[in-house]
Amino acid sequence: MRILFAIALAAMAARADDAEEWKRQLEAERRAREADRQEFERRIRALETRKSEGLRTEVERYLEEHEAIEPHAEHGGLGSVIEISAILDVTVGGSTATDEALQEINLGDHDPRVRGFNVRNEELIISADVDPYFSAILDVVYKLSEEGESEFEIEDAFIVTTGLPAGLQLKAGQFLTEFGRSNPLHPHAWEFLNQPVILGRVFGGDGWRGQGARLSWIVPAPFPLTLLVGAQNARGETQAAFLGEEGEAVGVHTLAAQPFESLADLAWNARAEASREFAAWRGMLSGLLGFSFGFGPNGTGADADTAIYGVDLHLKWRPDTTHAGWPFVAWQTELVWRDYEAAVQADPVALPAARYEDWGFYTQVVWAFRRPWTAGVRYDFASSDGAYAGDADRLSFALTYHASEHARIRLQVNWDHVDGLDLAVPGASDRAFSLWININVALGGHGAHE
């Protein structure tokens, strides 16, 4: 027994000696690695110092050689880098309504307006950051009319400041008026093929846009808040809610040319929008609430005015885990009311003063259920007693395949009901079913689909 005990003590002592030896070896290896690391860092610092000194010398030499050259001179600056992109858009389909009736149903100028093929929104976009103070954009639209005639229009041609202090920004030129959610968007950014019915009735087929200026302010608030005010010329086909085009009719009243005498003869707009984000249902819920207002003269008489009111809401939910933006659910709704005051008219017939009203809304839900697919449903309603008489409503379903951020294919079906359509188009039914397939491709960066 004593022998076994002695053997055990000897073994334990040997293992203790081995452990101490291993500790000494590990410590020596650690010190060697630390020395190597310090030497490596010393060499890196020395290399960076030499490169920094060399770079500083090169910069100083360059500045001495070019100190007489003004920034953004003929040698080029930010403005010499111009981005050019294009949007190609083709829609094909059919409807139970005739071509003539479709033009009374689909009021948007870029909507499909004939059975068969429609090429109504081909865009060429040129943009640039001019310098540290300004950026600019030019958007020219080509389309084929219902008769197959080529038509061109300048949709955007504006300059935007990029260096104003205190969250201010000024835009000037020709641009889409920032009223509500849909009006400021180009058709390629819409979730559905058609302009909302109420916007077509209030603003006309081209929407509300014109030549003018807009000042916006990002308010220093606990949540994102933006205020803006703008003014535009009130005449022309894109100002249908105001002076519009001479000879056009609103109700029984006829529009006449009105002289420009003061700032009161411009079409004014204002908007306030606020947004917030919340954690909800194992994801994030973002919301944006906006209030819009428009005011200006109309073409029925010298003292006749139009006021337009709008409220819009956009909610979007995404789960905590997404892939390239999918999945999400987005709900958007917008309510618009126009109060149109028509003046007394004596020519060609005597007409008393009148008040015409248009009001309506749309509400839509888009579900990105599986990449790269989205499905959407929208309901439109509009009621009018002015340029359009009676009610109209539409139910739309859209299924979109996003082949990439630059291309999409959309299938959309519409069920329309328009009161009094048979009066505008003799023999037409007041109900119509339409099916459309749209292909939209963006060339370049500007029009990439979200």
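Considering only residues of region 330-380 that are among the small types (Gly, Ala, Ser) and buried (at least 18 other Cβ atoms within 10 Å of the Cβ), which is nearest to Leu288 (Cα to Cα)?
The initial filter retains those residues of region 330-380 that are among the small types (Gly, Ala, Ser), namely 330, 342-343, 346, 350, 353-354, 360, 368, 375-376.
Checking which are buried (at least 18 other Cβ atoms within 10 Å of the Cβ) leaves us with 330, 342-343, 354, 360, 368, 376.
Working: Ala330: 11, Ala342: 35, Ala343: 38, Ala354: 36, Gly360: 20, Ala368: 19, Gly376: 19 Å.
Top of the filtered list is Ala330.
If you take just the strands (runs of 3 or more DSSP E) that sit entirely in region 99-176, which of them hold at least 2 residues that are within 26 Å of Val418 (Cβ to Cβ) and assigned by TED's automatic domain parsing to the domain that holds Gly427? If you could, list the steps in order and put the result at the bottom.
Working: elements: 116-118, 122-129, 134-144, 150-161, 168-176.
Qualifying strands (runs of 3 or more DSSP E): 116-118, 134-144.
Table: residues versus (1) in contact with a helix residue (DSSP H, G or I) (Cβ under 9 Å, 6 or more places away or on another chain); (2) at pLDDT 95 or above; (3) in the same structural domain as His110 (by TED's automatic domain parsing).
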site	(1), (2), (3)
Arg410	no, yes, yes
Asp416	yes, yes, yes
Leu423	no, no, yes
Ile439	no, yes, yes
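Of Ala267, Ala234, Ala256, Ala213, which residue is at pLDDT below 95 and farther than 19 Å from Leu313 by Cβ? Within the list Ala267, Ala234, Ala256, Ala213, the selection yields Ala256. Restricting region 295-351 to residues that are in contact with a Gly (Cβ under 6 Å, 6 or more places away or on another chain) and not in a strand (DSSP E or B), the residue that is nearest to Phe260 (Cα to Cα) is Gly299. Picking from residues in region 212-264 that are more than 23 Å from the chain's Cα centre (by Cα) and part of a helix (DSSP H, G or I), the one that is surrounded by the fewest Cβ atoms within 10 Å (Cβ to Cβ) is Leu263.
In region 82-126, what residues are over 24 Å from Pro196 (Cα atoms) and surrounded by 20 or more Cβ atoms within 10 Å (Cβ to Cβ)? Result: Ile125, single match.
Spot the failing condition for Val366; the list is (1) β-branched (Val, Ile, Thr); (2) touching a residue at least 24 places away in the same chain (Cβ under 8 Å); (3) under 17 Å from Thr333 (Cα atoms); (4) in contact with a Phe, Trp or Tyr (Cβ under 7 Å, 6 or more places away or on another chain), and only one is missed. The failed condition is (4). Among the residues of region 344-363, those that are charged (D, E, K, R) and under 21 Å from Ser182 (Cβ atoms) comprise Glu357, Asp358. Flag set for Pro327, criterion: more than 28 Å from Asp422 (Cβ to Cβ), crowded, with 18+ Cβ neighbours inside 10 Å and in contact (Cβ under 8 Å) with a residue 40 or more places away in the chain. Please go through region 277-314 and give me each residue that is loosely packed, with under 15 Cβ neighbours inside 10 Å, in contact (Cβ under 8 Å) with a residue 40 or more places away in the chain and small (Gly, Ala, Ser), ordered by number. Correct list: Ala302 only. Evaluated against (1) modelled with pLDDT under 95; (2) under 18 Å from the mean Cα position of the chain (by Cα), Ala387 falls short on exactly one condition, (2). Check whether at least one residue in region 190-202 is touching a residue at least 60 places away in the same chain (Cβ under 8 Å), surrounded by fewer than 23 Cβ atoms within 10 Å (Cβ to Cβ) and of a type in the set (Gly, Ala, Ser), and report yes or no. The answer is no, given that none of the residues of region 190-202 is touching a residue at least 60 places away in the same chain (Cβ under 8 Å), surrounded by fewer than 23 Cβ atoms within 10 Å (Cβ to Cβ) and of a type in the set (Gly, Ala, Ser).
Residues that are within 29 Å of Arg318 (Cα to Cα) and touching a helix residue (DSSP H, G or I) at 6+ places or on another chain (Cβ under 9 Å) within region 361-389 comprise Phe361, Tyr362, Asp380, Phe381, listed in sequence order.
So, of the residues in region 265-279 that are assigned to a strand (DSSP E or B) and charged (D, E, K, R), which turns out to be nearest to Asn183 (Cα to Cα)?
The initial filter retains those residues of region 265-279 that are assigned to a strand (DSSP E or B), namely 266-279.
Now narrow it down to the ones that are charged (D, E, K, R): 271, 273, 276-277.
Working: Arg271: 13, Glu273: 15, Arg276: 22, Glu277: 24 Å.
If we take residues in region 265-279 being assigned to a strand (DSSP E or B) and charged (D, E, K, R), then Arg271 is nearest to Asn183 (Cα to Cα).
The values are calculated or read from the model by the stated rules, or taken from the named source; none is laboratory data. This is a predicted model, so every value here is computed, not measured. Because the Cβ atoms are built from the backbone with ideal geometry, glycine has one as well, and the counts that use them run over all protein chains shown.
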